[in-house]
1. Please work out which residue is modelled with the lowest pLDDT, limiting yourself to the stretch C:3-33 and to residues that are crowded, with 19+ Cβ neighbours inside 10 Å and not aliphatic (A, V, I, L, M).
2. Is it the case that the stretch C:253-265 has a residue that's more than 25 Å from C:R313 (Cβ to Cβ), among the charged types (D, E, K, R) and assigned to a helix (DSSP H, G or I)?
3. In the list C:V110, C:V131, which residue meets the criterion of being facing chain A (nearest Cβ under 8 Å) and either crowded, with 24+ Cβ neighbours inside 10 Å or touching a His at 6+ places or on another chain (Cβ under 8 Å) (or both)?
4. Looking at C:L214, is it within 17 Å of C:I113 (Cβ to Cβ) and more than 13 Å from chain B (Cβ to nearest Cβ)?
5. Just a yes or no: is a residue in the stretch B:302-322 modelled with pLDDT of 85 or more and within 22 Å of C:L214 (Cβ to Cβ)?
6. Six or more apart or on different chains, Cβ atoms under 7 Å: show the pairs whose first residue is in the stretch C:274-285 and facing another protein chain (nearest Cβ under 7 Å) and under 12 Å from C:M233 (Cβ atoms) and whose second is of a type outside the set (A, V, I, L, M, F, W, C) and assigned to a helix (DSSP H, G or I).
7. Please go through the stretch A:188-209 and pick out each residue that is facing another protein chain (nearest Cβ under 7 Å) and more than 17 Å from C:C112 (Cβ to Cβ).
8. Applying the selection to the stretch C:153-198, what residues are touching a strand residue (DSSP E or B) at 6+ places or on another chain (Cβ under 8 Å), outside any helix (DSSP H, G or I) and within 18 Å of C:Q108 (Cβ to Cβ)?
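The values are calculated or read from the model by the stated rules, or taken from the named source; none is laboratory data. Given the structure is predicted, the values throughout are model-derived calculations rather than measurements. Don't worry about glycine lacking a Cβ; one is built from the backbone with ideal geometry, like all the others, and counts go over all protein chains shown.
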Amino acid sequence: MARALTRRLIFGLIAVIGVITLAFVLEFVVPGDPAKAIAPRANSSAVLANIRAQLHLNQPLIVQFADYFGNLLRGNLGTSYVQHQSVTSLIGPRLLTTGVLALAGVIAEVLIGGALGILATLYGRVRALVGAINLTLLAVPIFVLGLLLLLVFGFRLGIAPVTGGAGAAQLALPALTLGLIGAPWYAQIVADQMQDSLASSYVRTAVSKGLSDSYILRRHVLRNVLSPAVTMIGLDLGSYLSGVVTVEVVFVWPGIGLLAVNALHDLDRPIVMGTVIVGAVAVVFFNLVADVARMFIDPRTREEV
Amino acid sequence: MTAQTIAQVGAPPVIAFDQVSKRYRGGRLALDDITLALPAGGSLGLVGESGSGKTTCVRLALGLERPTAGRLTFNGAAYPSGRSGLRPLRRQIGFVLQDPYDSLDARMTVRDIVAEPLRIHRLPGGRGRRGDELVAELLGAVGLPGADLRSYPSRYSGGGRQRIAIARALIAAPTVLVCDEPTSSLDVSVQSQIINLLLDARRERDLSMLFVSHDLDLIGRVADTVAVMYGGRVLEIGPADLIRRSPRHPYTRALHEAVPADHPRHRRLADRNAAGGQYGSGSPQAPATDARDSCVFADRCPRAQDRCRVERPPVIAEDSLRSYACFFPLSDGLTGQQRG
Amino acid sequence: MTREGSGGSSLTASTTGLAGEPPRGPALEISGLNVRYGSVRAVVDASLKVEAGQVVALIGETGSGKTSLALGAARLLPRSAAVSGLVTIAGRDVSGMSAIEFRAIRAQLVGCIAQDAMAALNPVVPVGRQVGEVFAVHAGMDRRQAAEAAVAALAQVEIRRPDAVARLYPHQLSGGMRQRVMIAMAIALSPPLIVADEPTTALDVSTQAEILGLVGDLRARMRSGILWITHDMGVVAELADWAAVMYAGQIVETGQVEQIFDAPAHPYTLGLLQTRRDLRSGPVGAPLFQIRGSPPAPGEEPAGCPFRPRCPRATQVCADVNPALEPVGTTAGWPGAGHRAACHHSGTWS
């Protein structure tokens with residue numbers, strides 16, 4: 001098991017390094033002159049040249065990359081061009097904010113999706129209805145759903161706050177949006193796995209041992225359902241943490257996604273790069289966590305085949 | 001015994017394993033220094049239980065994998081490497097594998113499945129009417145006359161699918177037929193039909209045949225020469241009837257005696273006192289680690305002595321037909337007395 | 001009904017209630033069983049009896065209905081299967097019980113051994129726990145007791161180092177060991193009936209030999225009746241006291257196993273025997289004996305006798321009338337008691 005884990009760790013690290021390199025390269029594709037972005041009102045070329053020299057922008061690429069990488073390892077993500085603060089200090093709190101939303105969103109989608117999936121499996125009559133619900137939720141664009149919820153619960157019914165912010169009250173709608181959008185995926189996995197399990201030979205064995213239905217569901221079926229669900233949870237957490245941009249924009253949730261959108265607008269390269277890197281690390285990290293969790297749940301995955 | 005002693009005079013063996021070993025990544029030794037030969041026009045049977053290495057032999061013979069030691073030859077020449085190098089060789093080998101539900105692509109029509117080798121080897125008939133006729137002819141020959149060329153495998157039973165697989169194996173006019181447990185997944189009454197089909201095909205087209213099975217009786221009906229495998233090694237080789245009537249290797253005899261009785265009068269297995277349960281519990285598995293300096297069957301052999309555990313028995317040729325790897329082989333008449 | 005030689009007094013019949021009563025009537029009696037999947041009839045009007053301590057082999061190939069018969073009798077078929085007919089186990093009418101009633105006592109009445117032990121064991125639960133479940137749920141044991149009972153049960157099926165094996169997962173065991181675990185689960189509460197669905201078909205021949213030896217041993221010690229499904233006449237010869245042959249959903253012959261082997265009365269039975277004999281003793285390269293044609297797919301049985309298209313001696317009456325299971329005339333030396341066959345020409349085979 002340790003071998004399998006170290007391999008994943010190493011691949012994860014390689015992935016992160018790859019993303020960093022890619023992001024760095026993309027820098028040069030993003031239009032705009034950083035010097036101008038920092039000092040938009042400077043009209044002397046000497047000032048601009050000075051800024052460029054300070055940022056080492058006239059050094060060869062390799063040097064700039066080495067510079068950047070070195071800084072990264074020290075936890076220094078650079079300084080925002082626009083806000084003149086360290087990127088780390090800007091991203092840090094926002095990361096937490098997004099984290100709260102991500103967690104809430106995942107909980108919502110697992111609960112809603114899981115419930116849908118279980119209902120569809122156990123009650124045949126409901127299956128078609130659940131299928132229709134799933135399809136609808138998949139088809140709706142996330143911002144449409146978000147805006148709809150905002151309109152109905154915020155403006156019309158007035159039970160949800162309509163101003164942005166990171167309070168508990170403000171969490172409800174964006175989390176619900178994420179939950180509804182992500183639910184069909186979980187519904188599908190849960191339903192598929194449950195059906196497979198219920199039709200399987202080992203469930204028949206359990207029946208032949210005279211075990212009750214609820215016992216079988218709890219002890220035999222659920223475990224097998226957990227494994228793919230855990231994988232997906234890991235993927236979701238990772239990807240949400242890299243910024244659930246649309247939801248944050250719609251609900252003005254002050255998370256990392258909103259920060260990144262604004263930074264792109266302002267051509268604030270360091271922040272953009274910072275969010276990209278943080279996102280990549282989050283994805284890799286949660287994937288690893290999901291892998292480890294899976295190894296605990298399903299003993300067959302413990303050995304490297 | 002070398003590959004040459006079984007070969008027909010003049011013609012090199014069609015497929016020959018010369019001290020071949022195969023170790024997989026991760027360390028598993030699937031084949032441990034085996035020497036086998038399929039003579040031109042002859043039939044060689046490999047019999048063994050799971051983990052014996054017989055399927056690995058098939059994979060090597062089909063060029064799907066390469067040996068990690070030793071020499072593998074086809075008509076005397078080494079197996080080429082690379083897909084394009086192997087193609088002319090593969091055209092000469094028709095194969096039928098065990099699982100009739102897995103070996104046919106469920107999304108291809110019967111016609112396309114059977115004609116696929118023509119396409120792969122760029123022979124006429126890959127597409128178009130000529131191919132249709134060829135396919136129809138072959139399907140008739142395997143007992144599916146009038147089968148709808150545009151039907152899908154799901155329409156057929158296990159036996160039907162194996163017939164399709166056989167048609168596919170024969171369409172490119174191979175010179176060798178390789179069968180790996182072709183009937184193990186089939187019902188008993190269908191099994192004989194499929195085997196008869198294979199025997200007929202072999203006779204009519206004068207094919208050499210490599211037949212792999214776990215069923216000692218079946219092998220004895222199908223192959224002239226039988227090689228008994230266990231734990232990645234060949235323990236005994238000889239003519240089928242001799243292998244059965246008077247085996248030399250204790251494992252061969254164990255295998256023979258493990259087959260259930262022909263009549264309730266002669267039952268032995270379910271009555272422990274009769275058989276004596278000599279062969280130890282635990283199923284045969286290939287040794288997990290390196291080639292040991294010991295006989296691979298020593299743990300379970302009732303005749304094993306100290307020598308068997310510290311020295312690997314070499315293959316001894318009793319005559320030009322029989323050979324075995326055992327320090328204490330059985331003598332004629334299954335009396336189990338020690339020899340030598 | 002106690003087991004001699006088993007470890008641990010906690011395993012004797014007294015804790016399981018039902019098993020403590022002496023067996024009333026045959027281990028299994030099936031009368032007029034029909035199993036239908038939608039419009040397809042998988043088992044047609046089957047009747048069968050397994051006495052206590054007896055092994056009855058249910059012989060058939062794919063599509064014969066043998067699995068549907070056995071699982072239908074044990075009420076293990078999915079709800080889409082329509083099962084009707086009378087089924088009694090140790091004298092109790094299980095076909096008439098409600099699902100809840102039956103579930104409460106089923107582990108004490110019938111133990112099931114599935115064919116594919118890898119699929120029939122939960123891959124994410126250690127095997128000791130899976131065996132222990134039977135004790136925990138039905139014998140009222142707590143976790144520790146159930147675990148001990150599980151280890152003892154594994155020892156009973158001749159697994160070496162049962163305490164270590166109990167902690168392993170199914171994929172870590174060999175095929176033979178998994179099958180032993182299945183057997184341990186089935187015999188855990190010493191049920192009067194054991195239903196075994198081709199437990200050795202997927203095993204190597206030497207592993208099969210060991211399992212047959214184990215079953216022979218257990219059978220001598222326990223007094224359960226065993227319904228053993230197989231298509232292998234050799235296994236029938238080794239284990240069975242009585243045999244029933246199925247074809248196209250019908251029982252076409254039943255009798256004592258010696259009768260079946262010496263004087264098969266149905267041409268299909270004869271065909272199966274001849275197939276095996278020829279395989280075992282024919283010359284190299286010669287064509288194998290074969291029954292021509294193939295079994296009908298469920299739902300596509302021909303009119304009259306279902307075996308007619310493949311039968312070498314079919315006559316017109318075979319196409320018109322589906323023969324019923326009738327007693328066969330006695331053959332010299334055998335009282336012939338109970339030997340029945342569904343054939344218009346039974347008694348003309350040798």
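1. C:T16
2. No; the residues of the stretch C:253-265 include none that is more than 25 Å from C:R313 (Cβ to Cβ), among the charged types (D, E, K, R) and assigned to a helix (DSSP H, G or I).
3. C:V110
4. Spelling it out, it is not the case that C:L214 is within 17 Å of C:I113 (Cβ to Cβ) and more than 13 Å from chain B (Cβ to nearest Cβ).
5. Checked against the condition, which is being modelled with pLDDT of 85 or more and within 22 Å of C:L214 (Cβ to Cβ), the stretch B:302-322 yields at least one hit.
6. C:T275/B:S189; C:T275/B:S192; C:L279/B:D217; C:L279/B:R221; C:R280/B:D217
7. None; the set is empty.
8. Once the filter is applied, which keeps residues that are touching a strand residue (DSSP E or B) at 6+ places or on another chain (Cβ under 8 Å), outside any helix (DSSP H, G or I) and within 18 Å of C:Q108 (Cβ to Cβ), the stretch C:153-198 yields C:A188, C:L189, C:P191, C:P192, C:L193, C:I194, C:V195, C:A196.
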